[in-house]
Each structure stands twice: as C-alpha cells, then as structure tokens.
Amino acid sequence: MTTREAGGSRTGVKGRVIKNTGNLYQVRDDDGNDLVCWAKGNLRLKDIRSTSPVVVGDRVRMDVNPDGTAFITGIEDRVNYIVRKASNLSKHAHILAANIDRALLCVTVRYPETTPVFIDRFLVTAEAYSVPAYLVFNKIDLYEEEDTEYMNALMHLYSVIGYPCVKTSVETGEGMDKIDEITAGYVTLLAGHSGVGKSSIINELKGKQVQKIGDISDYHQSWTTVGS
C-alpha cells in the first residue's frame, strides 16, 4: 500500500523495472508513470548472489520524493529469471531479466549466422529457469535457396523437440502477425546476436501495441523493455 509522508513523499509505490542503465533504473509504476530511480545500497535477494540486485522485469517497491527523485527500496519475489555466470568466474550470477512470460531467440542463418550451439545454449538456459522459449528465424527475404533449405531443416529439428518456430521478415511483413500474437499481453524477452534484426522487430511490434518486449544484444548483454 502506498503511503504519503509529511512533505509529500510517497513510500511503498509499486512498479516494474523497464530499463537498466548503469546505476539508474527506469520503473513504470502501477499508474503508468515512468520514474528514474536509484537502488538502495542494502538491497539483497535471499539465496541469490548476483552481480546486480535489480534487473529489468523486477517488480519493486519505491520511495518517491516530491521533487520526482525515487529510490528502489525492495524487490518482490521473482516468478523466474534468466541467468548466466559472471564473466569473472566468480560465484556470483549475472541475472539478465526477471518475471518473463516468454523468451524469443531471434535466429539468422546468414547476415550474421546463428549456430546451433548458440541456439541450444539459450534453450537450455530458458528451460532451467522455466521460461517458455520460441525461435524466430528472421531476414528470410535475404536468403538464397541453400540458406532456406538449411533454415527449414533447423526449424524442423527444433519443432520436433517442442520449440515453436516462426519465419519472419520485417521487410515483407511475413510472420509479423504471428510474432504479434505470441507477444501481445506478455512480458517477452527477445534475444539474439547483434545484427539479427531485434530492433526492427521491436519497432514493428511497437506499432502493433505489443505490451512489453525486451531486447538483449548478443543474448548476454543488458536489455531494455519497450512498453506499449
């Protein structure tokens, strides 16, 4: 419950983190207002040793001052999250995003190439943290016959083992209605190598009023959500 203190400050304001830039967080409160916040230095999550206590997708509590500055004071329990081990080989985990309904891996067989090893690594991570995963084979308008045959073989392989696959082209619009259907109303993670067309897909979906979608560059970098 939100309370108002003397001087106009509000405590216990709830919202979702939609962007993470260094030590600053953009949080959309439950009334639809976007606030730029700092995190309190003593924030910790039980049983999780993380490189960052707050990640995109987190449901948080905030104290909001009359001048518009705000501080994240608490993090609600996470339904799930996507994680990788910190690059310095420490015991701390690097949590990429939390409270995700669906994860989409954007795949291209050329321009650039996404290898099956990369795909498998992503799918294993999604399975480990109970996030339903989809494969989006993008830039199909650029492929030659050999590329298309290889793509179709990959799609068959992953479909057989239970991962829905979609062919897309932002240039022609093919498959975008299906992506809109998959993501509409869900908090969605969009991952993939740089250059596979994630930003173009997000821009297209924004025009179709998708609720929230996040973009991860190279699958292991920071990501941002784009609100409706």
inquiry  = Using the Karplus curve 6.51 cos²θ - 1.76 cosθ + 1.60 with θ = phi - 60°, what ³J(HN,Hα) values do you get for each residue of the stretch 103-113, in whole Hz, with x for Gly and Pro?
reply    = 10, 10, 9, 7, 10, 10, 8, 8, 6, x, 8
request  = List every residue whose amide H lies under 5 Å from the amide H of Val83, counting only residues 5 or more places away in sequence or on a different chain, with H placed 1.01 Å from N in the peptide plane.
outcome  = Leu96
Under 5 Å, built H, 5+ apart or other chain: amide partners of Ile75 = Arg61
request  = Using only Cα positions of the stretch 126-171, each an equal point scatterer, no hydration layer, compute I(q)/I(0) via Debye at q = 0.13, 0.15, 0.32 Å⁻¹ and quote the log10 values to two decimals.
outcome  = -0.34, -0.43, -1.15
note = Non-local residues with an amide H under 5 Å from the amide H of Lys19, with H modelled 1.01 Å from N and Pro and chain starts lacking one, are Gln26, Thr225
inquiry  = Given R₀ = 45 Å, what would the calculated FRET efficiency be for Asp120 paired with Asp31, taking r from the Cβ atoms and rounding to 0.05?
reply    = 0.60
task = Between Ile161 and Asn65, with labels modelled 7 Å along Cα→Cβ, what's the label distance in nm to one decimal, could you check?
result = 5.2 nm
Which listed pairs, of Lys19/Lys206; Lys167/Lys198; Lys40/Lys198; Lys139/Lys178; Lys139/Lys206, have C-alpha distances above 25 Å, in listed order = Lys40/Lys198
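Readers should treat all values here as calculations from the given coordinates under stated rules, not as data from a laboratory. None of these values were measured; they are calculated from a predicted model. FYI the Cβ positions are ideal-geometry reconstructions off the backbone, even for glycines, and counts take in every protein chain you see.
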